[in-house]
Amino acid sequence: MRPEKQNLTREYLARLNASPFFIVVNYKGLKVSHITELRKRLSAAGAEVHIIKNSLFRIAAKEAGVADFNGSLGGQLAVVTGKRDISTAAKVLKTYGKELDRLTIHFGNLNNQRLEQADILALAELPGLDVLRGKLLGLFNAPASTLVRLLNTPASQLARVLQAHQDQLGEAPAEAVAPAAAAPAAA
């Protein structure tokens, strides 16, 4: 293999090893401006897209320990990799693919498990990792806040009863003074 091809293979291998996932898409019919826009959107999602040479990518994937592609690498393909959340990258691909009607998802790989197109589209429907973490934190926090509220309820009720009793005692002397003051005026 020529040194240029060896360098490309090493570059593909480094990307595959650095990313927990990759998604293979067909970009046939897209213009450079479309690919540039896709790169911008994926960058905002913490992912990147690279045009690949299929034969070299197959070699790099084999070295990375990814399962055999069984002839599924054909056509004009690009690979999306990222360091964060696959669902966010899948959402970007799904929405941009709907906008253009030319970008198609072929398959992917998440933690050395092959994902078919339907699996990736299902991941695109999931909320992002940050949203899921927030919901989980809310679930953990809810019982604690309920417990604090239940523990504070008797104390606050007792404080209200004592305040009401003190208000009654404070009003009683004032009511007794008022009739006494009215009696001398009548005499």
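For the reader, a short list of remarks on this structure follows.
- Scoring Val25 on the criteria (1) modelled with pLDDT of 90 or more; (2) not in a strand (DSSP E or B) leaves a single failure, condition (2).
- Residue check, Lys28 exposed (fewer than 15 other Cβ atoms within 10 Å of the Cβ) and either touching a residue at least 40 places away in the same chain (Cβ under 8 Å) or among the acidic types (Asp, Glu) (or both): yes
- Matching residues in region 48-64 - criterion: being under 17 Å from Pro20 (Cα atoms) and touching a helix residue (DSSP H, G or I) at 6+ places or on another chain (Cβ under 9 Å): Glu48, Val49, His50, Phe57, Ala60, Ala61, Glu63, Ala64
- When Ser33 is tested against the conditions (1) surrounded by fewer than 18 Cβ atoms within 10 Å (Cβ to Cβ); (2) under 28 Å from Leu126 (Cβ atoms), the lone failure is (2).
- Qualifying residue in region 5-16 (condition: surrounded by fewer than 21 Cβ atoms within 10 Å (Cβ to Cβ) and assigned to a strand (DSSP E or B)): no
- Check on Asn152, at pLDDT below 80 and under 21 Å from the mean Cα position of the chain (by Cα): no
- Which listed residue, of Lys62, Lys40, is of a type in the set (D, E, K, R) and under 26 Å from Gln113 (Cβ atoms): Lys62
- Complete set of residues in region 85-133 that are surrounded by fewer than 19 Cβ atoms within 10 Å (Cβ to Cβ) and basic (Lys, Arg): Lys94, Lys98, Arg102, Arg114, Arg133
- Search result, residues across region 155-168 that are of a type in the set (D, E, K, R) and more than 45 Å from the chain's Cα centre (by Cα): Asp167
The values are calculated or read from the model by the stated rules, or taken from the named source; none is laboratory data. Here the structure is a predicted model, which is why all the values come from computation and not from measurement. So basically every Cβ, Gly included, is an ideal-geometry build from the backbone, and we count neighbours across all protein chains shown.
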